[in-house]
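> One structure is given below, represented as structure tokens, and several questions about it will come after.
Every number in this text was worked out from the coordinates using simple rules, so none of it is lab data. A quick note: this is a predicted structure, and the numbers were derived from the prediction, not measured. Note that we place each Cβ from the backbone using ideal geometry, even for glycine, and neighbour counts take in every protein chain shown.
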Amino acid sequence: MLAIANLPLDELIDLIALAHRVRLAYCGNEVELESLINAKSGACPEDCAFCSQSVKFDTGVEVYAFLDLDEVLDAARATKDAGATQFCIVVAVRGPSERLLAKVIEAVNAVHAETGLEVACSLGLLTPEHAARLAAAGVRRYNHNLEAPRAVFPQICTTHSWEDRVATAQIAIDAGMELCCGGIIGMGETLEQRVDFAFELAALNPAEVPINLLDPRPGTPMGDLEPISAREALQAIALFRLVLPSAWLRLAGGRERILGELQGMGLLAGANALIVGNYLTTGGRSADEDIALLDALGMPVADGPGEGRFVIDATGTYKLPAKQARSSIPVTTA
Ligand code: SF4
């Protein structure tokens, strides 16, 4: 995999073609769309060095408590109108307080009742009791990114550990939620560490892996980092697809800035999911532009999070759902 991460430019197109074939074989050509709402912004006590929502950095980010239910519902309706099937409620906290968790669960119930969207949550570190309550409320997927390779994480954050993040990922799975777990590419990790990161994520068997491309935020310790090139980003996306063949690989924050006009190439390099609309603290392009891009690529929008995906059986073989069955593919391990 390190050799793949190091491929010279004239072989990049071969790598992209390979990643695309793997994506088609394991996942089909559908693309899952999700939008998110930053339901509680800023004043987070943690010190993640990339994050403009940390109270430790002077970033000028908007600070507000959990939004009114009406505002959350408006965002969910807009998500549905845009053609997305998943709505993720995100809050900037170390972990949810009892009061916050009750508000989130109220919002989850309201979004389900009003829109029928699948709801995901990203609420920081969880206890098993928190996770059980979210699962009981019908939260399908829990987002908790590892953010960075294990070897790099201590330089990114000192207020909690990489192991704390892994523990919450496992708690979410144990509660019966699907795990959404990815990170940010371009925070100074070496190519070797980037390869390690893909395998560290794969070890958690996430249903979804968001790939953020660092868009350095002014006022954070990473504000002056040089963003990675589009070419390097494409190489990383392809690498993650090869290591995580059946995951929803979601292009998230930074894709507009880093990939620019090559966003379609990201979907040909193995990505099969997008965040549409805005990100947590930065704006994205319009959902219409993304849907036009998918039309141009001949990639249909997935009906829902479970549609068109391989399932893994007890023998470790990925199988297509019956309606699309063409073949089954044995899992190869690294
Ligand atoms: S990444 Fe999350 S936990 Fe870290 S500072 Fe930002 S909001 Fe807080």
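> Need one number: nm distance between label points at T158 and D70, each 7 Å from Cα along Cα→Cβ, rounded to one decimal.
Label at T158, label at D70, 4.4 nm between them.
> Then there is this: Based on the alpha carbons, how large is the Rg to Rh ratio for the stretch 17-120 when Rh follows Kirkwood? Show your work: numbers first, answer last.
On the way: Rg = 16.8 Å, Rh = 15.6 Å.
A ratio of 1.08.
> Under 17 Å from a point placed 7 Å out from the Cα of A167 along the Cα-to-Cβ direction: which residues of the stretch 80-103 have their backbone N that close?
94-97
> Let me ask another. Mind jotting down the distance between the C-alpha centroids of the stretch 98-149 and the stretch 223-241, whole Å?
The two parts, judged by their Cα centres, are 30 Å apart.
> Next up: Taking the Cβ of each residue in R77, R217 as the centre, tally the other Cβ atoms inside 10 Å and list the residues starting with the fewest.
On the way: R77 15, R217 22.
Least to most surrounded, the residues fall as R77, R217.
> What are the residues whose amide H is under 5 Å from the amide H of I185, where those residues sit 5 or more places off or on another chain and H is modelled from the backbone?
N212, L213, L214
> For the stretch 143-148, take each phi angle, set θ = phi - 60°, evaluate the Karplus expression 6.51 cos²θ - 1.76 cosθ + 1.60, and give the result in whole Hz per residue in order, putting x for glycine and proline.
Running phi through 6.51 cos²θ - 1.76 cosθ + 1.60 with θ = phi - 60° gives 8, 8, 6, 6, 6, 8 Hz.
> Given the stretch 170-287 reduced to its alpha-carbon atoms as identical point scatterers, what log10 I(q)/I(0) does the Debye formula return at q = 0.11, 0.22 Å⁻¹?
The Cα Debye sum returns log10 ratios of -0.35, -1.32.
> Pick from V195, V63, V152: which residue has the top mean-square fluctuation in a GNM of the chain where Cα pairs under 10 Å get a spring?
V63
> What is the chain by shape, rounded, prolate or oblate, if you read a ≥ b ≥ c off the alpha carbon gyration tensor as root eigenvalues and call it rounded for a/c under 1.5, prolate for a/b larger than b/c, and oblate otherwise?
rounded
> If I take every Cα pair under 8 Å that is 6 or more residues apart in the stretch 2-330, average their sequence separation and divide by the length, what percent do I get for the relative contact order?
The value is 23 percent.
> For D174 and D81, compute 0.36 nm times the residue count separating them, minus their Cα-Cα distance, and round to one decimal in nm.
Gain on extension, D174 to D81, equals 30.2 nm.
> Under the rule of -39500 (n - 2.57) per DSSP H run of 4 or more residues, summed and divided by the residues of the chain, what mean residue ellipticity at 222 nm is obtained, to the nearest 500 deg cm²/dmol?
Result for the chain, helices only: -11000 deg cm²/dmol.
> Nearest 5 percent is fine: what portion of the DSSP beta bridges confined to the stretch 1-148 is antiparallel?
In the stretch 1-148, approximately 5 percent of DSSP beta bridges are antiparallel ones.
> May I pose another question? Which order do peptides 183-194, 229-240 fall in by mean Cβ count within 10 Å, highest first?
Peptide ranking by packing, descending: 229-240, 183-194.
> Please figure out what share of the DSSP beta bridges in the stretch 2-330 is antiparallel and state it in percent, rounded to the nearest 5.
Here the antiparallel bridges make up roughly 15 percent for the stretch 2-330.
> For E129, project a label point 7 Å along Cα to C-beta. Then give me every residue of the stretch 144-168 with its amide nitrogen under 20 Å of that point.
Taking a point 7 Å out along Cα→Cβ of E129, the residues of the stretch 144-168 whose backbone N falls under 20 Å are 167-168.
> For every other residue with a beta carbon closer than 15 angstrom to the beta carbon of V55, add +1 if it is Lys or Arg and -1 if Asp or Glu, then tell me the sum.
On the way: positive: K40, K56, R94, R217; negative: E46, D47, D58, E62.
For residues surrounding V55, the net value is 0.
> Please state the Cα pair-distance histogram of the stretch 67-161 with 10 angstrom bins from zero: what percent is in each bin?
Per 10 Å bin, starting at zero, the Cα-Cα P(r) for the stretch 67-161 comes out as 15, 45, 28, 12, 1 percent.
> Okay, next question. Whole-Hz ³J(HN,Hα) for each residue in the stretch 256-270, computed from phi via Karplus 6.51 cos²θ - 1.76 cosθ + 1.60 with θ = phi - 60°, x for glycine and proline: what do you get?
Once rounded to whole Hz, the list reads 5, 6, 7, 7, x, 6, 9, 4, x, 5, x, 6, 9, 9, x.
> If you take the Cα atoms of the stretch 178-245, find Rg, then find the Kirkwood Rh from the mean of 1/r over all pairs, what is Rg/Rh?
0.98
> From the backbone phi of the stretch 160-168, what are the Karplus-calculated ³J(HN,Hα) couplings (6.51 cos²θ - 1.76 cosθ + 1.60, θ = phi - 60°) in whole Hz, Gly and Pro given as x?
Coupling constants for the stretch 160-168: 8, 10, 4, 5, 4, 5, 4, 4, 5 Hz.
> So, one more: Taking just the alpha carbons, could you work out the radius of gyration and Dmax for the stretch 229-281, both in angstroms?
10.6, 30
> Using amide H atoms built in the peptide plane, which far-off residues or other-chain residues are under 5 Å from A273 H to H?
Residues meeting the amide H criterion: E32, L249, L251.
> Let me ask you something else. So if I average 1/r over every pair of distinct C-alpha atoms in the stretch 5-65 and take the inverse, what Kirkwood radius in Å does that give?
Radius from the Kirkwood sum: 15.7 Å.
> Another question, then. In whole percent, what relative contact order does the stretch 93-240 give with Cα contacts below 8 Å and a gap of six or more residues?
Relative contact order for the stretch 93-240 comes out at 20 percent.
> On the principal axes of its Cα set, how long, how wide and how thick is the stretch 148-187? Give whole Å, largest value first.
Rounded to whole Å, the extents work out to 32, 20, 13 Å.
> Run the count for the chain, please: Lys pairs, Cα-Cα under 23 angstrom, 8 or more apart or on different chains.
4
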